[in-house]
Amino acid sequence: MNKPLYKETDLGGRLTPFQGIWPSINETAYVFHGAQVVGDVSIGADASIWHNCVLRGDVNSIKIGTRSNIQDGTVIHVSTRTYPTTIGNDVLVAHMAMLHGCTLEDNSFVGMGAIVMDNATIESDGMLAAGAMLTPGKTIGKAELWAGRPAKFMRMVTEKELTKNRGMAEHYRRIAEQHKRDAYGEVAKEQYP
């Protein structure tokens with residue numbers, strides 16, 4: 001009997017093994033239609049992987065913590081035997097970002113279309129602006145905002161921004177839950193802040 005080439009999540013995401021290793025997805029995580037998750041990938045509770053993301057844990061591992069969200073069209077990969085990609089809890093990765101062999105600590109933020117390269121780190125509450133490129137080996141410190149290509153320190157994140165960013169993980173979890181209910185015909189009107 002042939003082994004399955006892939007499995008689908010209950011929301012239409014595709015899980016594919018690499019060299020016999022299947023992705024490990026927490027039962028409360030969301031992997032949406034069009035998302036491709038391959039190989040040594042671990043996704044924590046209430047995390048969400050949105051439409052058309054690619055997470056390829058073939059030559060190293062990818063770990064995503066609880067309530068983190070990887071938004072539409074994002075690509076996550078790793079460096080061969082040198083740098084895995086590690087994403088902490090309550091991390092926001094905006095649409096069309098590219099992450100490669102990097103570390104995103106708890107409550108960090110990667111803006112739309114931004115790139116985080118090999119051995120780069122964004123510390124807790126750090127922010128990489130939309131369209132920015134964090135080059136190899138660079139570190140965004142705790143609660144720092146960096147922007148540009150290559151990214152450079154701009155300023156410290158304000159208290160208002162910290163409060164907003166810290167609340168966005170729950171916001172995305174609630175939206176993901178609504179999408180899941182809608183997929184099962186359990187339409188419920190909710191207002192999202």
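Annotations
- Integer Hz, Karplus 6.51/-1.76/1.60 couplings in order for the stretch 18-26, x for Gly and Pro: 9, 6, x, 9, 9, x, 10, 10, 4
- The Cα atoms of the chain cover 56, 45, 21 Å along the three principal axes, with the biggest extent listed first.
- Entry for the stretch 59-169 at q = 0.19, 0.21 Å⁻¹: log10 I(q)/I(0) = -0.85, -1.06, Debye formula applied to identical alpha-carbon scatterers, no solvent contribution.
- A simple spin-label model places the labels of Arg81 and Leu5 3.0 nm from each other, with each point 7 Å out along Cα-to-Cβ.
- Backbone HN-Hα couplings from phi across the stretch 164-171 [Karplus 6.51/-1.76/1.60, Hz, Gly and Pro as x]: 4, 4, 5, x, 6, 4, 5, 4
- For the peptides 145-154, 102-111, the ranking by packing is 102-111, 145-154, with the highest mean count of neighbouring Cβ atoms within 10 Å listed first.
- Between the stretch 119-139 and the stretch 1-44, the Cα center-to-center distance that results, in Å: 27 Å
- With all protein chains in place and a 1.4 Å probe, the accessible surface of the chain carries 54 percent carbon and sulfur.
- Top of Lys142, Lys160, Lys180 by mean-square fluctuation, Gaussian network on the chain, Cα under 10 Å: Lys160
- Comparing Ala120, Ala143, Ala183 in a Gaussian network model of the chain, where Cα atoms under 10 Å apart are tied by springs, the biggest mean-square fluctuation is seen for Ala183.
- Only the Cβ atoms of Lys and Arg (+1) and of Asp and Glu (-1) were treated as charged; on that basis the dipole of the stretch 1-68 about its Cα centre amounts to roughly 120 debye.
- In terms of the mean number of neighbouring beta-carbon atoms within 10 Å, the peptides 169-176, 93-100 order highest first as 93-100, 169-176.
- In sequence order, the stretch 55-72 has phi-based couplings of 10, 10, x, 9, 9, 5, 9, 10, 10, 10, x, 5, 6, 6, 10, 10, 7, 2 Hz under the Karplus curve 6.51 cos²θ - 1.76 cosθ + 1.60, θ = phi - 60°, and Gly or Pro positions carry x.
- Chain lengthening between Thr158 and Met112 when straightened (0.36 nm per residue, less Cα-Cα): 14.6 nm
The values are calculated or read from the model by the stated rules, or taken from the named source; none is laboratory data. Model, not experiment: these values are computed from the prediction. Cβ atoms come from the backbone with ideal geometry, glycine included; neighbour counts cover every protein chain shown. Protein only, heavy atoms only, side chains kept; ligands, DNA and RNA dropped before computing areas. Shrake-Rupley method; radii C 1.70, N 1.55, O 1.52, S 1.80 Å.
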